[in-house]
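Structure record follows, encoded as structure tokens.
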Amino acid sequence: MDLSIIVPLLNEAESLPELFSWIRRVMDANSISYEVIFVDDGSTDNSWDVIESLKADAPETVHAIRFRRNYGKSPALYCGFKMAQGDIVATMDADLQDSPEELPEMMRMIREDGLDLVSGWKKKRYDGKLSKNLPSKIYNATARKVTGIKLHDMNCGLKAYRRDVVKNIEVYGEMHRYIPFLAKNAGFSKIGEKVVHHQARKFGKSKFGLDRFVNGYLDLLSLWFLNRFGKQPMHFFGLWGSLMFIISFIAIIVVGISKLVALAHGVPARLVTDNPYFYIALTGMVLGTLLFLAGFIAELISRSSTQRNDYKIAQEI
């Protein structure tokens, strides 16, 4: 099979028939063998009834997963990736804002240009609210800086992947925003970008609010930290804990020596415990010790993990 198209959705009953008809038309025109995997993320409208009717119309092409409740886009993609059988796997939103007509060129970029992943870039958007677009630009600029991946729209739902990519990454929580970063960390560094056509939403309303930008930054920090120190947490906590303890210990010695020097010269000096620097240094020593112990415990947990030797092997001969 050439292509698996994964469509996560939540309350998109009105869009689904038109979307599937559009996909079918494009795939047939380009002689692409394909499957469409709808993942119903706990819809409360009649989305599942619509999917069942599409399945009855095209039983070999349409496959579907239905969650009992709403889990989020990342779990939907995870289950879709697990089911996908195509040589190339594409993802797109169900709201008709992503065009299936972009998929043949994305497939060509993977097959002929040798890319592992092609991400869409909605250069010209039609959901143009400043409250949405400005935070998106700031978010993408930060993501480019932290991840080192030069994508203009990392969170674009329209993407295409070599099958090996989706079978070697784990999408969880809300990490769907950073699939290119997950792919890079798994050793798939050939990541490209394609300007794609964006359309205004035809039915319903967006399921995402401004809170996704706050969560997005927190997820980005988590991914960066896990990638940098996940296997060796002691390198972070132990280093900073040791530095804080040593600096604070030296500070306490300085406070004590200054007291002794004052006494040696017959200069009245207040008690060490009356000096605020003593308590600041003591607090620093306690915090340094706690950081070091946190790194030690994290290292024990890491060494006990069943994934401690989970290395991505590309080939064996």
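Give the calculated FRET efficiency between A141 and I301 to the nearest 0.05, with a Förster radius of 41 Å applied to their Cβ-Cβ distance.
Details: r = 34 Å, r/R0 = 0.83.
Plugging the Cβ-Cβ distance into 1/(1 + (r/R0)^6) gives 0.75.
In the chain, carbon and sulfur make up what percent of the accessible area (probe 1.4 Å)? Intermediate values should be presented prior to the final figure.
Working: 10370 of 17550 Å².
For the chain, the apolar C and S fraction of the accessible surface comes to 59 percent.
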Around K122, which amide H atoms from residues at least 5 apart in sequence, or from another chain, sit under 5 Å from its own amide H, with H modelled in the peptide plane? V196
Roughly what angle does helix 276-304 make with the longest principal axis of the chain, taking Cα atoms, 0 to 90 degrees, to the nearest 10? 40 degrees
From the phi angles alone, apply the Karplus equation (6.51, -1.76, 1.60; θ = phi - 60°) to the stretch 49-61 and give each ³J(HN,Hα) in whole Hz, x where the residue is Gly or Pro. 4, 5, 4, 5, 5, 5, 4, 5, 6, 9, x, 7, 9
From the coordinates shown, Rg/Rh (Cα atoms, Kirkwood Rh) corresponds to which of (1) 0.98; (2) 1.17; (3) 0.96: (2)
Taking the Cα atoms only, what angle lies between the long axis of helix 130-147 and the longest principal axis of the chain, rounded to 10 degrees? 70 degrees
Mind pulling the angle between the C-alpha long axis of helix 73-83 and the longest principal axis of the chain? Nearest 10 degrees, somewhere in 0 to 90. 60 degrees
Taking the Cα centre of the chain as origin and charging only Cβ (+1 Lys, Arg; -1 Asp, Glu), how large is the dipole, in debye to the nearest 20? 1280 debye
Dipole magnitude (debye, nearest 20) for the stretch 6-65, charges at Cβ of Lys, Arg, Asp, Glu: 240 debye
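Among the lysines in the stretch 135-189, how many pairs, 8 or more places apart or on different chains, have alpha carbons under 14 Å apart?
4
Report, in debye and to the nearest 20, how large the dipole of the stretch 82-128 comes out about its Cα centre when Lys and Arg carry +1 and Asp and Glu carry -1 on their Cβ. Could the numbers behind the result be given before it?
On the way: 7 positive and 11 negative charges, 28 e Å.
Roughly 140 debye for the stretch 82-128.
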Could you list which residues have their amide H under 5 Å from that of F38, counting only those 5 or more apart in sequence or on another chain, with H placed in the peptide plane? V7, H63, A64, I65
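Can you pull out the trypsin sites (Lys or Arg not before Pro) in the stretch 42-82 whose DSSP state is coil and whose Cβ has at most 12 other Cβ atoms within 10 Å? Numbers along the way, then the final one.
Details: sites: K55, R66, R68, R69, K73, K82; in loops: R68, R69.
Within the stretch 42-82, the qualifying trypsin sites (Lys or Arg not before Pro) (loop, at most 12 other Cβ atoms within 10 Å) are R68, R69.
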Judged on accessible area alone, 1.4 Å probe, highest first, E12, E174, E112 line up as E112, E174, E12
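Using a 1.4 Å probe, what is the accessible area per residue for the chain, in Å²? Don't skip to the answer; put the middle values down first.
Numbers: 17550 Å² over 317 residues.
Per-residue accessible area for the chain comes out at 55 Å².
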Lys/Arg +1, Asp/Glu -1 at C-beta; the chain dipole; positive extreme among L290, H197, A58: L290
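The values are calculated or read from the model by the stated rules, or taken from the named source; none is laboratory data. Since the structure is predicted, the reported quantities are computational estimates derived from the model, not experimental observations. Positions of Cβ are backbone-derived with ideal geometry, glycine not excepted, and every protein chain shown enters the neighbour counts. These area figures cover heavy atoms from the full protein model, side chains too; ligands, DNA and RNA do not enter into them. Shrake-Rupley method; radii C 1.70, N 1.55, O 1.52, S 1.80 Å.
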